[in-house]
Amino acid sequence: MRKFLLVIYFFTFVSLHAQAKILINMDLKQTNHLKAYGITFNALKENNTADWLLNYRGGSFMFDYNEKLTLQCRLKGVSFETLSALEATSIYAEVQNEESNMEVVRLEKAPEIAVYVTPTSEPWDDAVTLVLEYAEVPYTKIWVEEILRGDLDKFDWLHLHHEDFTGQYGKFYGSFQGAQWYKEQQMLYETQAQRLGFKKVSEMEKAVTVEIKDYMGRGGFLFAMCSATDTYDIALAALNVDIADRMYDGDAPDANAQEQLNFAQTLAFENFKLEMNPYIYEYSDIDIQPLEIGNQQNDYFSLFDFSAKYDPVPSMLTQNHFNIIRGFMGQTTMFRKNLIKKSVIVMGERAGTDQVKYIHGNFGRGTFTFYAGHDPEDYQHAVGDPPTDLNLHKNSPGYRLILNNILFPAAKKKKQKT
């Protein structure tokens, strides 16, 4: 009799958990939003599938019941709920109701991630590598040589941060020309350019921008922050123009560089005016100036509310537990709205101004997402400042926007509704 009862208990337990689900809630009750993304990403790496419940409790994740997954959540301090089959069915019905602005998106395969950084960069040099390390999301560092030899095809998702694709070393010359780190950076880039057969760093950077653009055209996903956003487009517009001054590339720029820009080549911006003064810490008028932003205490940007059922891509990229998010500065802090192409989707802006924080667009079979600013939890990060401790910002809505982007490529592709 005892053996019979044990058999009944065993099959009851297996049956119950075969039907049960795990909900990783992403609303205000979540104890660690950033680690939740890492758990979801790594579950996909282990051939699990997940359902991203867009606009349901902050964009929650649903999995089939898995003991290992529940253990990971407990170890990482991530909130979750175990649901019966009936409870899960009720949630799916609510999300898929035609009257609700919610949707179920199946996540199937974790993307292979590449981060474009110099060989000497540390993980805390940019916000993306910082949060990938914290969330325990695996990634590969690549730089110029890997891109130019075609290694991008090994990856689904590429991140760029404070790279200066114009070849002007961040335009730090006026302030830091005598600093040891600046001299070492210049030497590193010049040595690499010479080794790869380029006469100037600016020419090497242009070759990299073209390779990245081709990668997107073939279906790659590009995510850029800080100066890698506007300098990337500036470099594309100036493929046949010299815009770098003598201290950057050894010769004078073209006298009529502005008139020779080709905006048809850019991804996101058009009709911008270059800042040709090599001593001014700015590339063009795409970037919003600090005086225009004003008081730090009033610097917030708002996320747009998209239709989850008809616009699933921007909906995925804006999932959050807050729709008004604290601003933050960078080499490129905000984008000027009237210089953004009409084909680009604005996803976050400062209400009542021409200041845009977060944009997305398509190119060929791929996409690009530009997020202005350096570090969502370090308002005015300066050279030499210590890294942000993300243990103090486990629920950062600004960092969540970065992590939305690493899961977006995992979504199952489906035809748009008509």
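Reported to the nearest whole Å, the Cα centre-to-centre distance from the stretch 225-247 to the stretch 131-161 is 21.
Could you tell me which of rounded, prolate or oblate describes the stretch 139-279, using a ≥ b ≥ c as the square roots of the eigenvalues of the alpha-carbon gyration tensor, with rounded for a/c under 1.5 and, failing that, prolate when a/b is larger than b/c and oblate otherwise?
Working: a/c = 1.68, a/b = 1.20, b/c = 1.40.
Here the stretch 139-279 falls in the oblate category.
Taking Cα atoms, how many degrees apart are the long axis of helix 33-45 and the longest axis of the chain, rounded to 10 and kept between 0 and 90? Helix 33-45 sits at roughly 80 degrees to that axis. Helices in the chain, meaning DSSP H runs of at least 4 residues, each add -39500 (n - 2.57). Divided by all residues, the mean residue ellipticity at 222 nm is -10000 deg cm²/dmol.
Computed FRET efficiency, Cβ-Cβ of residue 19 and residue 302, R0 56 Å: what is it to the nearest 0.05?
Details: r = 40 Å, r/R0 = 0.72.
Efficiency for this residue pair is about 0.90.
Give the shape of the stretch 312-373 as rounded, prolate or oblate, defined through the alpha-carbon gyration tensor: a ≥ b ≥ c are the square roots of its eigenvalues, a/c under 1.5 means rounded, and otherwise the shape is prolate if a/b is larger than b/c and oblate if not. Verdict is oblate for the stretch 312-373.
So how much slack lies between residue 324 and residue 247, counting 0.36 nm per residue of separation and subtracting their Cα-Cα distance, in nm? If you can, show how the numbers build up before the last one.
Working: separation 77, 0.36 × 77 = 27.72 nm, distance 4.18 nm.
Contour length minus the Cα-Cα distance gives 23.5 nm.
Which stretch or stretches of the stretch 289-306 have amide N atoms under 19 Å from the point lying 7 Å from residue 337's Cα along the Cα→Cβ direction? Inside the label zone: 289-295, 298-306. Counting only Cβ charges, +1 for Lys and Arg and -1 for Asp and Glu, the dipole size of the chain around its Cα centre is about 1760 debye. Remark: spin-label model distance residue 391-residue 136 equals 1.5 nm, labels positioned 7 Å along the Cα→Cβ axis.
Looking at the chain, which longest stretch skips every one of the trypsin sites (Lys or Arg not before Pro) that is in a DSSP loop with at most 16 other Cβ atoms within 10 Å, leaving the sites themselves out?
Values: sites that count: 29, 109, 149, 199, 218, 273, 341, 342, 365, 412, 413, 414, 415, 417.
For trypsin sites (Lys or Arg not before Pro) (loop position, at most 16 other Cβ atoms within 10 Å), the longest site-free span of the chain is 30-108.
Once the Cβ-Cβ distance of residue 92 and residue 118 is raised to the sixth power relative to R0 = 60 Å, the FRET efficiency obtained is 0.85.
Only Lys, Arg, Asp and Glu count, each charged at its Cβ (+1, +1, -1, -1), so figure out the dipole size of the stretch 345-407 about its Cα centre, rounded to 20 debye.
Details: 5 positive and 7 negative charges, 72 e Å.
The calculated dipole for the stretch 345-407 is roughly 340 debye.
Positive-end ranking of 88, 119, 25 along the dipole of the chain, with charges on Cβ about the Cα centre, is headed by 88.
Can you list which of the GluC sites (Glu not before Pro) found in the stretch 193-278 are DSSP loop residues with at most 14 other C-beta atoms within 10 Å?
On the way: sites: 203, 205, 211, 259, 270, 275; in loops: 270, 275.
Passing sites in the stretch 193-278 do not exist.
Modelled spin labels at residue 184 and residue 85, positioned 7 Å past Cα toward Cβ, are 6.1 nm from each other. Any chance you could look up the accessible area of residue 136 with a 1.4 Å probe, heavy atoms only, rounded to 10 Å²? Counting only protein heavy atoms, the figure is 80 Å².
So if we plug the beta-carbon distance of residue 282 and residue 46 into 1/(1 + (r/R0)^6) with R0 = 45 Å, what FRET efficiency do we get, rounded to 0.05? Calculated value: 0.50. Only Lys, Arg, Asp and Glu carry charge here, each on its Cβ (+1 for the first two, -1 for the last two); on that basis the stretch 279-418 has a dipole of about 1220 debye about its Cα centre. For the stretch 304-371, averaging the sequence separation of C-alpha pairs within contact (under 8 Å, six or more residues apart) and dividing by the residue count gives a relative contact order of 22 percent. Look at the Cα gyration tensor of the stretch 86-194: its axes a ≥ b ≥ c give a/c of at least 1.5 with a/b over b/c, and that counts as prolate. Between helix 227-237 and the chain there is an angle of about 60 degrees, using the helix long axis and the longest principal axis of the Cα atoms.
Using a probe of 1.4 Å, the accessible surface attributed to residue 254 totals some 50 Å² when neighbouring protein chains are kept in position.
May I ask which residue of 59, 215, 330 lies farthest towards the positive end of the charge dipole of the chain, with charges of +1 (Lys, Arg) and -1 (Asp, Glu) on Cβ and the Cα centre as origin? Selected residue: 59.
The accessible area of residue 266, taken with all protein chains in place and a 1.4 Å probe, comes to roughly 10 Å².
Solvent-free Debye calculation, one equal scatterer per alpha-carbon of the stretch 274-418: log10 I(q)/I(0) at 0.09, 0.11 Å⁻¹ equals -0.31, -0.46.
The values are calculated or read from the model by the stated rules, or taken from the named source; none is laboratory data. Computed from a prediction, not measured in an experiment: that's the story for all the values here. Cβ coordinates were reconstructed from backbone atoms using ideal geometry, including for glycine residues, and neighbour counts include every protein chain displayed. Remember, those area values only see protein heavy atoms, side chains included, never the ligands or the DNA or RNA. Shrake-Rupley method; radii C 1.70, N 1.55, O 1.52, S 1.80 Å.
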